[in-house]
Amino acid sequence: MIGAGIGGLSSAALLAARGADVTVLEKEEWVGGKARRVLVDGAQIDGGPTVFTYRAVFDEVFAACGARLEDHVGVTRAEVLARHAWDDCGSLDLFADPEASARAIGAFAGPGAARGYRAFAAEAQRIFEVLEEPFLRGDKASTPLPMMWKIGPWKVGDMLAMRPFDGMWNALGQHFSDPRLQQLFGRYATYCGSSPFAAPATLMLIAHLEARGVWLIEGGIHALAKALASLAERQGARVRTGAAVTEVLTAKGRASGVRLAGGEVIPADIVICNGDPSALATGRLGEAARRAVPAIPRAKRSLSALVWYAHTRTRGFELSHHNVFFSRDYAREFREIAAGSSPSEPTVYVCAIDRGARLADAPPPAGTRERLQIIVNAPADGDIRAYGPEEREQCTQSMMATLRRCGLELEDPPEHRLMTPQDWEGLFPATGGALYGRASHGWAASFQRQGPMTRLPGLYCTGGATHPAAGVPMAALSGQLAARVIAKDLASMTTSRQAAIPGGMSTRSATTGSTG
């Protein structure tokens, strides 16, 4: 296995549980990929994804390995999904209880808005229910036809319910006349690195996933990654950090192993790349792998982000665990990003790591510093643009101006570390800092994401940049899919062949192989 992100670790655990001999090779000194931790001012701050939904996917991975998620990480269901703010008009919470959300929306924007929310929630739920099995959990298809066949050609209503040809922003306008609510629910497109002005209405299903439950993990998503690594190791997998793969090796027309930066060769019948497919397509892992997947055009990249890891005192606005502070002109914000500029007045997400997501949870003592992860959307141009000290400071001041406008004061300057698209490109080469793979713009984009199988036999892909979509649970679903496809490949091999899966596996029986 090349890479120890959420998708790769899920695949490694599942394949090892099936009897495969798996080796996971991670170039960094940590597991989790983007789900890492960053030290700032003596405080460990969550460095990657912060929102945990669709818990059932992880329950399934752990159950397949004879374990339970809650026995490996502390998991608490959030009462407050997120808190939202615009200028000085107060804040709006969404809740785990959908009726509580409807009442809050009604109090915020009137009874018509509450009715609009209920209609929106019902539509988002239907889209999810139509797509969950044939698409989110189904095999990768290059066109909609196989998925439509699984849904059933006679279920025309279900096919129309997906709304792939309708724009998300316009569809939201049919439910919400208040532009603030259109902005709030349009933001869900950014969960997969996309613009609400270019994404299909199908992405409204993300709101339903969050409404089904947001969970807080003690220690953050990095703790989940460590639990997955431990789960894989208990199944017999080996996890090696500080082991950078530089080349996918081939023999007789298929993947035959990997070479590490130090020259070590690990033979394998199956190699899994748990990284952005762009690293393969640009030759970062050798010429043979370059031809295995198509390149993602620069214009098709998902959003990147400016991310501040801050340890600071706060004042004013009462934070929940997840908070969003909106810009006054959402359309301009995304026009600026599309033009290659950091937004002049950004929407700002703040994860207040030390705050609970229940109304009864007490905030940190007044005057004490707390840990924040702060995110602003940005263009994925980190491979062609250098963010110098002046621009980094300008971005920081723009972010803080949005927070001040909405009532939240931070220390100026806060103790922080800033990651730009240029920094993300350094961690994840060949992406330009795109954090979600290919953007979900237009009806066909979801079918253009890389699936588990590549053009090179024996080489597979998994992770948040592959099918079905970006995000923590979707990365785990990609891991499940890769493990399912690979298990069929291993079953077809003879006992005399070794199989390697990115992560590494060696033959144990006629139906297992070595994976690297």
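The values are calculated or read from the model by the stated rules, or taken from the named source; none is laboratory data. Computed from a predicted model, the values in this text were never measured in an experiment. Please note: Cβ atoms are built from the backbone with ideal geometry, for glycine as well, and neighbour counts cover all protein chains shown.
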Suppose we keep only residues that are over 18 Å from ALA483 (Cα atoms) and of a type outside the set (Val, Ile, Thr) within region 257-278. Which one would you say is surrounded by the most Cβ atoms within 10 Å (Cβ to Cβ)? SER278
Residues in region 9-66 that are surrounded by fewer than 24 Cβ atoms within 10 Å (Cβ to Cβ), within 26 Å of TYR460 (Cα to Cα) and out of contact with any Pro (no Cβ under 9 Å at 6 or more places or on another chain) total 16
Can you run down the residue pairs with Cβ atoms below 6 Å, 6 or more apart or on separate chains, where the first is in region 375-387 and touching a residue at least 12 places away in the same chain (Cβ under 8 Å) and not assigned by TED's automatic domain parsing to the domain that holds THR347 and the partner is crowded, with 21+ Cβ neighbours inside 10 Å and part of a loop (DSSP other than H, G, I, E, B)? none
By residue number, the members of region 108-144 that are part of a helix (DSSP H, G or I) and closer than 15 Å to SER177 by Cα are PHE108, ALA109, PRO111, GLY112, ALA113, ALA114, ARG115, GLY116, TYR117, ARG118, ALA119, PHE120
Which one of these does ILE375 not meet: (1) in a strand (DSSP E or B); (2) farther than 25 Å from ALA211 by Cβ? (2)
Do we have LEU81 as out of contact with any Lys or Arg (no Cβ under 8 Å at 6 or more places or on another chain), at pLDDT 95 or above and either crowded, with 21+ Cβ neighbours inside 10 Å or on the phi > 0 side of the Ramachandran plot (or both) here? yes
Within region 364-374, restricting to residues that are surrounded by 15 or more Cβ atoms within 10 Å (Cβ to Cβ) and more than 26 Å from SER195 (Cα to Cα), the one that is modelled with the lowest pLDDT is PRO364
Residues (assigned to a helix (DSSP H, G or I) and closer than 14 Å to LEU306 by Cβ) located in region 323-342: GLU333, GLU336, ILE337
Filtering region 243-258 down to residues that are under 19 Å from GLU26 (Cβ atoms) and without any contact (Cβ under 8 Å) to a residue 24 or more places away in the chain yields none
May I ask you to verify whether ALA292 is in contact (Cβ under 8 Å) with a residue 40 or more places away in the chain, hydrophobic (A, V, I, L, M, F, W, C) and part of a loop (DSSP other than H, G, I, E, B)? yes
Out of the residues in region 115-159 that are modelled with pLDDT under 60 and hydroxyl-bearing (Ser, Thr, Tyr), state the one that is farthest from the chain's Cα centre (by Cα). THR143
With the structure loaded, tell me whether THR241 is hydroxyl-bearing (Ser, Thr, Tyr), touching a helix residue (DSSP H, G or I) at 6+ places or on another chain (Cβ under 8 Å) and at negative phi or whether it fails that test. no
Is one or more of the residues making up region 1-22 under 20 Å from ILE266 (Cβ atoms) and in contact with an Asp or Glu (Cβ under 7 Å, 6 or more places away or on another chain)? yes
Kindly indicate which of LEU69, LEU92, LEU9 is closer than 22 Å to LEU372 by Cβ and touching a helix residue (DSSP H, G or I) at 6+ places or on another chain (Cβ under 6 Å). LEU92
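Quick grid of which residues meet (1) within 22 Å of ALA85 (Cβ to Cβ); (2) surrounded by fewer than 18 Cβ atoms within 10 Å (Cβ to Cβ):
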position: SER341; (1), (2): no, yes
position: SER344; (1), (2): yes, yes
position: VAL348; (1), (2): yes, no
position: CYS351; (1), (2): yes, no
position: ARG355; (1), (2): yes, no
position: ALA362; (1), (2): yes, yes
position: VAL376; (1), (2): yes, no
position: GLY388; (1), (2): no, yes
Give the number of residues within region 228-256 that are surrounded by 20 or more Cβ atoms within 10 Å (Cβ to Cβ) and under 19 Å from GLY74 (Cα atoms). 4
Report yes if THR282 is touching a helix residue (DSSP H, G or I) at 6+ places or on another chain (Cβ under 9 Å), of a type in the set (Val, Ile, Thr) and surrounded by fewer than 22 Cβ atoms within 10 Å (Cβ to Cβ), otherwise no. yes
Would you confirm, using the coordinates I've provided, whether ARG291 is outside the structural domain of ALA401 (by TED's automatic domain parsing), touching a Leu at 6+ places or on another chain (Cβ under 9 Å) and not β-branched (Val, Ile, Thr)? yes
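Conditions (1) among the aliphatic types (A, V, I, L, M); (2) closer than 27 Å to ALA43 by Cβ, marked per residue:
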position	(1), (2)
ARG332	no, no
GLY356	no, yes
THR368	no, yes
ALA386	yes, no
CYS395	no, yes
LEU403	yes, yes
ALA434	yes, no
GLY442	no, no
Quick check on GLY275: is it part of a loop (DSSP other than H, G, I, E, B), in contact with a Phe, Trp or Tyr (Cβ under 8 Å, 6 or more places away or on another chain) and closer than 25 Å to LEU427 by Cβ? yes
Let me spell it out: the conditions are (1) assigned to a loop (DSSP other than H, G, I, E, B); (2) within 26 Å of the chain's Cα centre (by Cα), and GLY262 meets all of them except one. Which number is the exception? (2)
